[in-house]
Amino acid sequence: MSKVRIYSLAKDLGVDNNKMLEILDGLGVSYKSVSSTIEEDTVDLIREILAAEAAEAAPASAQAPAAPMAPAQAETQAAPTPVSTATATAEREPAAAPEVPHRAPVVTIMGHVDHGKTSLLDYIRKTKVAAKEAGGITQHVGAFEAQTSKGRIVFIDTPGHEAFTTIRARGANVADIAIIVIAADDSLMPQTREAIAHAQAAKVPMIVAINKVDLPQADADRVKTDLTQLNLVPEEYGGDLVVVPVSAKTGEGVEDLLEYISLTAELEDLRADPKGPFSGVIIESRVDRQAGVLATVMVQEGTLHVGDFLVVGENYGKIKAMTDSGGGRIKEAGPSTPVQILGFSEAPSSGEQVASAKNEHAAREVIAQRASNRRDVENARIQRKKTLEEMMGP
Ligand code: GTP
Ligand code: MG
């Protein structure tokens, strides 16, 4: 072993990736991302630093009276393998105020038509959505939760990225990470470039999945070269773009993709308080002839419950029923959960912010205030126009 990836070393040594990057910064070692490799000499140095830190912490904690410590960050992340039990205890810092818990990453899948976005999601979710779609084209945005080997991940499957752009145009950013799917037999196409531009504009970290590598005519190298021409340089060419070859058909590389998603999410340090005030964003909505208005909401903060009053723009509704992305009825939904809600009387638009209200009266008050603000703005505009016209004369 001459070189090792930063994240695998972090895993082996039982420290988190951010800590590892901190040490590398301290050593003045340059890297592009946690998947960059480092030399064996550097690995030895890191081991020494960690051992020294542990030794320094150990006597102090031995002398200290049994001070009550809050349970040390009981995160549900994969339990690191500590070097020894003694070091693990010594490394714990006295816990401060309880931290806001981590939340699952929201990942948007974008790319050119037919490059395999839905199929890739199907493989991850082990479902068969793409085969059932009319004409094989995704007609509406779907938001799904998937339980993966790397924990819960929420995916948004966007047709032609419309939803992504309208949501962003309204100032809401629902995605934490963008996966750009590029078919290995087709390389970069117009919608691929658009997708890349959207991800860059939204400033979300981007991972490229080169799909369909099972095809005999697949040419992953060409895709990488084409990306380089857009100034997106894959890691193996010395850049910092994470590129993962995958096949939605055979499943090759999908585990690696999930690993990169979870690493990126870890670095982004995504958190939300399920006990805090609720806020969410409308992903899409439609009117079902029988059921009425069905709105898909992404819960961003807090928790939604059946019976809650919600306010969107100048509308409000009471949650009559809520289903998860698998279609199952649920009573509550915490951060990073896409839910379909029944209870609005009018269909809200994609990207609109959703808030909750204590009761119907409070919801009406919020709406009345919003309507009055809007009228003030409209009146002011009319007044300005009139004044201008008067100034210009007949
Ligand atoms: P739109 O939603 O229309 O933009 O398409 P999409 O990107 O979701 O593509 P979709 O998943 O519908 O796949 C398009 C076609 O490519 C289908 O016929 C899939 O069976 C096929 N396909 C997708 N992934 C792979 C793959 O990894 N290998 C092979 N051989 N075929 C694939
Ligand atoms: Mg699709």
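The values are calculated or read from the model by the stated rules, or taken from the named source; none is laboratory data. Everything numeric in this text was worked out from a predicted model, so none of it was measured. As a convention, Cβ positions derive from the backbone with ideal geometry for all residues, glycine included, and neighbour counts pool all protein chains shown. SASA here: full protein model, heavy atoms, side chains in, ligands and nucleic acids out. Shrake-Rupley method; radii C 1.70, N 1.55, O 1.52, S 1.80 Å.
In angstrom, the C-alpha Rg and Dmax of the range 230-334 are 19.4, 56.
Taking only protein heavy atoms and a 1.4 Å probe, the accessible area of the range 343-383 is 47% carbon and sulfur.
Compute the distance from the alpha-carbon center of the range 20-54 to that of the range 332-394, in whole Å. Spelled out, the Cα-based centre of one part sits 51 Å from the other.
Excluding same-chain neighbours fewer than eight residues apart, the lysines reachable from K212 by a Cα-Cα span under 16 Å are K117, K224, K249. With q set to 0.15, 0.16, 0.19 Å⁻¹, the log10 of I(q)/I(0) for the range 6-60, from the Debye formula over equal scatterers at the Cα positions, is -0.39, -0.45, -0.62.
For the range 263-394, the C-alpha radius of gyration sits at 1.35 times the compact-globule guess of 2.2 N^0.38 Å, with N the residue count. Check each of the trypsin sites (Lys or Arg not before Pro) in the range 216-289 and keep only those in coil by DSSP with at most 12 other C-beta atoms within 10 angstrom; list them in order. Those satisfying the criteria are K275, R289. For the range 249-309, state what percent of all Cα-Cα pairs lands in each successive 5 Å bin, counting from 0 Å until the bin that includes the largest distance. All Cα pairs, binned at 5 Å, distribute as 4, 13, 12, 15, 15, 14, 13, 11, 3, 0 percent.
Ignoring ligands, DNA and RNA, what percent of the 1.4 Å accessible area of the range 205-314 is carbon and sulfur?
Details: 2260 of 4920 Å².
The value for the range 205-314 is 46 percent carbon and sulfur by accessible area.
Legend: translational diffusion of the range 168-273 by Stokes-Einstein, Rh = Kirkwood radius over C-alpha pairs, 10 °C, 1.306 mPa s; D = 110 µm²/s.
Dipole check for the range 274-394: with +1 at the C-beta of Lys and Arg, -1 at the C-beta of Asp and Glu, and the Cα centre as origin, the magnitude is about 140 Debye.
Return one quarter of the surface area of the convex hull spanned by the alpha-carbon atoms of the range 336-394, equal to its mean projected area, in nm². Hull-based average projected area comes out at 6.8 nm².
Convex hull of alpha carbon positions in the range 284-327: directionally averaged projected area 3.7 nm². Give the lysines reachable from K318 as a straight Cα distance under 28 Å; neighbours fewer than 8 places away on the same chain don't count. Partners within reach: K275, K331, K358.
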